[in-house]
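The structure appears below as structure tokens.
The values are calculated or read from the model by the stated rules, or taken from the named source; none is laboratory data. The model shown is predicted, which means the values in this text are computed figures rather than measured ones. Reconstructed Cβ throughout: ideal geometry from the backbone, glycine too, with neighbour counts over all protein chains shown. Remember, those area values only see protein heavy atoms, side chains included, never the ligands or the DNA or RNA. Shrake-Rupley method; radii C 1.70, N 1.55, O 1.52, S 1.80 Å.
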Amino acid sequence: MEREKKPKHFIQQPEFPGGPKELTKFIYANLRYPAAALEAKTEGTVMVEYDIDYKGNVVDTRVLQPLGNGCDEEAVRVVRLLKFIVGKNRGMRVLFHKKAQIRFKLPAPAKVSPPAPQNTGSMQVNYVYTTSTPQPVEKPKTNTYSYTVTIGENQ
């Protein structure tokens, strides 16, 4: 007869599916840099406190450390998307309080690479091949060949 393990804590804390790393991935996958913050080149961290109900839903948010230019509203929007797993807490409906630091960092400017070489259309090469055979001084006999090679598109 196996005995059930007692929970480590009296009240079980809510957990994000996959743990803290997945929570961070989820936040930054859904975070959109506000246009006003991009124009103003705003960077920094928004501290958000949020409440999780007994069902695992985020029910209330408060911005503790604002950043401005739309970053606070975006941080709150993303935190409200979170859904947690809450264990049974002896039949009690417990409201949990958590904090999140959401960092806004401007994207690195894209490196401008030189433009790819453009196809300029066509190129023409002329090649002339001439042979002479030794003849009496009176009239030399000469054979001349002419080749034209066109590379590229005809325009």
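Derived scalar couplings between HN and Hα for region 86-96 equal 10, x, 6, 10, 6, x, 8, 9, 9, 9, 9 Hz in order, rounded to whole Hz, by the Karplus curve 6.51 cos²θ - 1.76 cosθ + 1.60 (θ = phi - 60°), x for Gly and Pro. Per residue, region 8-73 exposes an accessible area of 63 Å² to a 1.4 Å probe, with every protein chain left in place.
Put simply, when 30-36, 48-54 are sorted by average Cβ atoms within 10 angstrom per residue, most first, you get 48-54, 30-36.
Under 5 Å between amide hydrogens, built in the peptide plane, is the criterion, and for PHE16 it picks out ILE85 among residues at least 5 positions away or on other chains.
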